[in-house]
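No value in this document is a laboratory result; all are computed from the given coordinates. Here the structure is a predicted model, which means the values were calculated and not measured. Cβ atoms come from the backbone with ideal geometry, glycine included; neighbour counts cover every protein chain shown.
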Amino acid sequence: MATMDNRQLAYFVAVAEELSFTRAARRLFTVQSTVSAAITALETELGTKLFDRSTRRVALSPDGALFLPEAKSALEAFERARAVVQQTSTGLRGSLRFGTLSSIGSLDLPAVLGAFHRKHPLVDIHVTVSVAGSTGLAADVRQGRLDAALVGLPSADLTGLRALPLENRPFVALLPSRHPMAAKRAVTLADLMGERFIDTPRGFGNRVVTDRAYDDLGSPRRVVVEVADMRVIPRYVHSGLGVAIVPETDSPPVEDIAVRPLSPGLDWPLSFVTAAARPPSRAVRTLEDILAAARSTPR
């Protein structure tokens, strides 16, 4: 008689979280038919339907909703047991699902992950981003869809997460060179009230920080251009579509763009986060140690 295995549980949890067989298959690097077959076999063994399916939507059945936390607990227990065994192995093994940002300050993440891979080639690394920016990455870590992530969120937004602060970068204002405020040595948030802004989408960490600062002033901003990559924001400012407030970078200056510090200052934090409710795997702890060492090394 067939018995359920961890792969079936992993498929079930993925479908339950994504509410889509297609997205679950993509997340698990397999095909939809494999996921469907595993779920059908699991339902047969349990003698109940775990999902209500239609041509338009997938939803957890009442039994599926009851089964979900138990399936997650079983998978987490298996991962903890495997980690204990791996402690005595000669080489680091396992998987590392890691989320990152499109712009991450001075941290050379490809170099860090490349060095990690060369030293621990048996760890299966998968790196991804979130269309919802840091907010989406933090949610993915809390829900167990990611093992760890780099996020740019204030500490108040890190509930349920363990955070290793890596750096704080000051925000600067980007202004067309002919802008009236470009002649000032520094600008304030109040100086730019009522301006048209270029920024990243809602949910991105830098956008969260800046939106809240203006909300605290009682003057919500008008963002007219939203782009996911902060590196292209200066080009939109150069085109005269608006001004921007972004974390300071080491990129070369853009012609006809004035870069001015904010007074008082506003900082963008970068942190390495894991779920507070689950002990990190050995692979995650090893990467955290590498990042902590990189943070403490003088540049």
How would you rank 118-127, 187-196, highest first, on the average number of other Cβ atoms within 10 Å across their residues?
187-196, 118-127
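Could you list Tyr11, Tyr236 in order of exposure, starting from the residue whose Cβ has the fewest other Cβ atoms within 10 Å? Write out the running numbers ahead of the final one.
On the way: Tyr11 25, Tyr236 20.
If I rank by nearby Cβ atoms, fewest first, I get Tyr236, Tyr11.
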Compute log10 of I(q)/I(0) for the chain with the Debye formula, placing one identical point scatterer on every Cα and leaving out solvent, at q = 0.08, 0.12, 0.13, 0.16 Å⁻¹, to two decimals.
-0.45, -0.88, -0.98, -1.23
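Relative to the present Cα-Cα distance, how much length would full extension add between Asp108 and Arg26 at 0.36 nm per residue of separation?
Numbers: separation 82, 0.36 × 82 = 29.52 nm, distance 2.76 nm.
Separation in residues times 0.36 nm, less the Cα-Cα distance, equals 26.8 nm.
How much of the DSSP bridge set in the chain is antiparallel, in percent, rounded to the nearest 5?
Numbers: 24 of 38 bridges.
Of all bridge pairs located within the chain, approximately 65 percent are antiparallel.
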Return Glu45, Glu288 ranked ascending by Cβ neighbour count within 10 Å, so the fewest neighbours appear first.
Glu45, Glu288
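With a sphere of radius 14 Å drawn around the Cβ of Ile104, what net charge do the other residues whose Cβ falls strictly inside it have (Lys, Arg +1; Asp, Glu -1)? Please report the intermediate quantities before stating the final value.
Numbers: positive: Arg169, Arg231, Arg295; negative: Asp108, Glu167, Asp229, Glu248, Asp250.
That sum, taken over residues with Cβ under 14 Å, equals -2.
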Output row, site Ala163, 7 Å Cα→C-beta label point, backbone N cut-off 16 Å, window segment 192-215, residues 203-213
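Classify segment 168-267 from the C-alpha gyration tensor, please: rounded if a/c falls under 1.5, else prolate or oblate depending on whether a/b exceeds b/c. Before the final figure, lay out the partial values.
On the way: a/c = 1.29, a/b = 1.13, b/c = 1.14.
In terms of gyration-tensor shape, rounded.
Among Thr40, Thr100, which comes first, second and so on when ranked by fewest other beta-carbon atoms within 10 Å? The partial results should precede the final answer.
On the way: Thr40 13, Thr100 21.
With the sparsest Cβ surroundings first, the list reads Thr40, Thr100.
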R0 = 45 Å: FRET efficiency of Ser263 with His117, Cβ-based, nearest 0.05?
0.55
If packing is taken as the mean number of other Cβ atoms within 10 Å per residue, what is the order of 73-79, 145-151, highest first?
145-151, 73-79
If R₀ is 35 angstrom, what is the calculated FRET efficiency for the pair Gln143 and Ala186, using the beta carbon separation as r and rounding to 0.05?
0.30
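Using the crude model of +1 on Lys and Arg Cβ and -1 on Asp and Glu Cβ, and no other charge, please compute the dipole size for the chain relative to its Cα centre, in debye to 20. Mind showing how you got there, number by number?
Details: 36 positive and 31 negative charges, 55 e Å.
So the magnitude is around 260 debye.
Stretched out fully, how many nm does the piece from Asp52 to Asp289 gain, at 0.36 nm a residue minus the Cα gap?
Numbers: separation 237, 0.36 × 237 = 85.32 nm, distance 4.38 nm.
Here the segment from Asp52 to Asp289 would lengthen by 80.9 nm.
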